[in-house]
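Chemist: Encoded as structure tokens, here's the structure I'll be asking about.
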Amino acid sequence: MLKVGQLARRTGLTVRTLHHYDEIGLLTPSARSPSGYRLYDDADVARLQRIVALRQLGFSLDHVCACLDDPAWSPARVLRLRLDALRGELEEQRRLLHKLEHVADRLDSAETVTVDEFLDTIGALTMYEKYYTPEQLARLETRRAAVGEARIKAVQEEWPQLITAVRAEMEKGTDPSDPAVTALARRWTALVQEFTGGDRGIAQSLKTMYQNEPAARQRSGLDPALLAYVQKARAADR
């Protein structure tokens, strides 16, 4: 059996984290030594592995607790989900590698690469990693493959046109409930649905990213006032 300090060293977790898991009933050690030290057996370690995997998938502690008590969330299923997420992370790294290789090739050819290009290349991906769980990134990659590059390109061209049209109505002072604006809002919703595949978690991550990241808003031409205007139009169209 492992003492809490030994378990912490072997897993890379902190003693404080393991104590917290015990306090909230998420991982209660199976035994105590005569002097009161927590002692963890094989079953405890297996449970901890599931906890760590689920946390890395973005699950809250409450959600992790519910999953551990649900027979449907077997150790094998949790590992498979984590493997799928890791594959998504590897794909993200592969895309970053290709982007950086492109910049490196330009540097090798003595082409000028601006600081902004460096920041855009790296910042775009790190920004996504801040707001999307590995599982969500994997779903987005699957969604990208399903939609196809041709459709992705078409949508990328449509978004700026739609944003420009909405902004024009907002600057004219058109009421958000006006049919012209609600029609634009419906198109907006449809494009978001197409991007997220109807996943509410991904949609919320997308919304949070645009709320918190000025760089994301600047790239897309969005701003809080425009987003609020669209939200009012969507509410009026319900």
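Chemist: Rg (Å, one decimal) plus Dmax (Å, integer) for the alpha carbons of segment 127-231?
Modeler: That works out to 14.2, 41 Å for Rg and Dmax.
Chemist: Per-residue counts of other Cβ atoms within 10 Å, averaged by peptide: what ranking do you get for 190-201, 44-55, highest first?
Modeler: So the order, starting with the most tightly packed, is 44-55, 190-201.
Chemist: Take the solvent-accessible surface of the protein heavy atoms, probe 1.4 Å, and return the percent of it on segment 142-186 that carbon and sulfur atoms account for.
Modeler: Roughly 54 percent, rounded to a whole number.
Chemist: Sticking with this one: State the percentage of accessible surface on segment 1-77 attributable to carbon and sulfur atoms; use a 1.4 Å probe and exclude ligands, DNA and RNA.
Modeler: 52
Chemist: Extent of segment 1-74 along each principal axis, from alpha carbon coordinates, in Å, largest to smallest?
Modeler: Largest to smallest, the principal-axis extents are 36, 22, 19 Å.
Chemist: Another one. Measuring from label point to label point, each 7 Å out along Cα→Cβ, what is the Q156 to E101 span in nm?
Modeler: In this crude label model, Q156 to E101 measures out at 1.8 nm.
Chemist: Sticking with this one: Could you do me a favour and compute the accessible area per residue for segment 1-92, 1.4 Å probe, result in Å²?
Modeler: Roughly 59 Å² per residue, with all protein chains present.
Chemist: Quick check: residue separation of D108 and A203 times 0.36 nm, minus the Cα distance between them. What number comes out in nm?
Modeler: Difference between extended and current length: 30.2 nm.
The values are calculated or read from the model by the stated rules, or taken from the named source; none is laboratory data. Not measured: the values here are computed from a predicted model. Methodologically, a virtual Cβ is constructed for each residue, glycine included, from the backbone with ideal geometry; neighbour enumeration extends over all protein chains shown. Accessible surface is based on the protein model in full, side chains and every heavy atom, while ligands, DNA and RNA are left aside. Shrake-Rupley method; radii C 1.70, N 1.55, O 1.52, S 1.80 Å.
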